[in-house]
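Structure, as structure tokens:
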Amino acid sequence: MINKDAIGRESEVMTTRVEAENVRRFAEAIGIPYVGEVPPTFIITFRGGTVPGLDLPEKGLIHGGQKFTYYRPIKVGDVLNYKRRVKNIYERAGKLGKMTFVVQEMEGRSATGDLVFTATSTLIAREEG
Amino acid sequence: MEKFAVLQAGASIPERVWIPTDMQLRQYAEASGDYNPIHLDEKFAQQVGLGGVIAHGMLTMAQVGAMLTQWLNGEGSISQFEVRFQNMVRPGDTIHCTGVIKEKLANAVVCDVKALNQKSMEIIAGSAVITFKD
């Protein structure tokens with residue numbers, strides 16, 4: 001059972017710099033040439049920023065959906081501040097039993113505070129038994 | 001790609017074909033930081049009932065993203081990109097990424113995108129909004 005009290009809670013703010021070397025490795029892993037552009041899914045490499053009290057199961061977690069919104073393109077050299085927020089936690093009865101949906105939104109801003117991106121992920125946890 | 005002026009609703013985006021390998025899943029795990037053993041450890045993936053390793057959903061989404069950026073070739077920028085993950089991808093599958101322009105706006109196009117496997121099962125489906133400068 002995932003604690004619904006976590007709805008609305010935020011993580012600490014994390015800071016990252018978009019390094020050319022990391023973008024190049026990411027592009028090569030996808031199978032595209034690196035030409036200085038940042039692939040649209042690169043944001044997924046921004047780790048950390050755990051929401052306190054959100055205990056996600058380690059096993060059986062499914063990625064149900066992902067949405068990215070860019071207010072401007074991300075460029076190599078950008079310094080971005082980001083944090084996660086739990087937007088919603090809800091249950092649905094499915095073919096495979098009870099499922100809990102956890103919707104988290106990550107928001108990224110420039111050093112001057114301008115909104116650069118949001119990334120919304122929906123994770124699905126299946127309840128055992 | 002064609003200039004924005006000639007893009008029309010109904011036009012298709014050039015397809016991208018992708019055949020994932022175990023080595024690519026390892027490479028993507030290292031590049032993305034997602035080391036979940038369901039993508040890397042055959043025995044573990046069997047034990048948790050997946051019948052073998054599966055590709056990262058985000059790696060499949062990245063293939064659809066690659067289809068878009070290779071088509072755009074720097075002409076426009078992706079301002080929104082959204083997918084639902086519907087079926088699993090395994091090493092050796094043949095994945096076809098496709099897209100079609102759904103709607104043309106003043107300075108943007110809205111595209112429907114999807115990825116299908118060799119059995120024509122829908123792996124992911126979603127949409128993208130691409131914005132062009134004046």
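Each value in this text was obtained by applying a stated rule to the coordinates, not by laboratory testing. Worth saying up front: this structure is predicted, and the values here are computed from it rather than measured. Heads up, the Cβs are rebuilt from the backbone with ideal geometry, glycines too, and the neighbour counts pull from every protein chain shown.
Helical content alone sets the calculated 222 nm signal of the protein assembly as shown at -5000 deg cm²/dmol, taking -39,500 (n - 2.57) per DSSP H segment of four or more residues and averaging over every residue.
Along each principal axis, taking the top coordinate minus the bottom one, the Cα set of the protein assembly as shown gives 56, 47, 35 Å in descending order. Entry note, chain B: relative contact order of 30 percent, from Cα contacts under 8 Å with a spacing of 6+ residues.
Here the peptides B:61-67, B:79-85, A:12-18 are ranked by packing, the mean other Cβ count within 10 Å, and the order with the highest first is B:61-67, B:79-85, A:12-18.
Helix A:20-30 axis versus longest C-alpha principal axis of chain A: approximately 60°, rounded to the nearest ten. Quotient of the Cα radius of gyration of chain B and 2.2 N^0.38 Å, N being its number of residues: 1.16.
Here's the list of aspartates and glutamates a cross-link from residue B:102 could span, going by alpha-carbon distance under 18 Å and ignoring same-chain residues fewer than 8 apart: B:2, B:15, B:82, B:112.
Listed by chain and number, the lysines whose C-alpha is less than 23 Å from the C-alpha of residue A:87, apart from same-chain residues fewer than 8 away, are A:4, A:59, A:67, A:98.
Here residue A:95 is the anchor, and the aspartates and glutamates within straight C-alpha reach of less than 14 Å, apart from those fewer than 8 places off in the same chain, are A:127, A:128.
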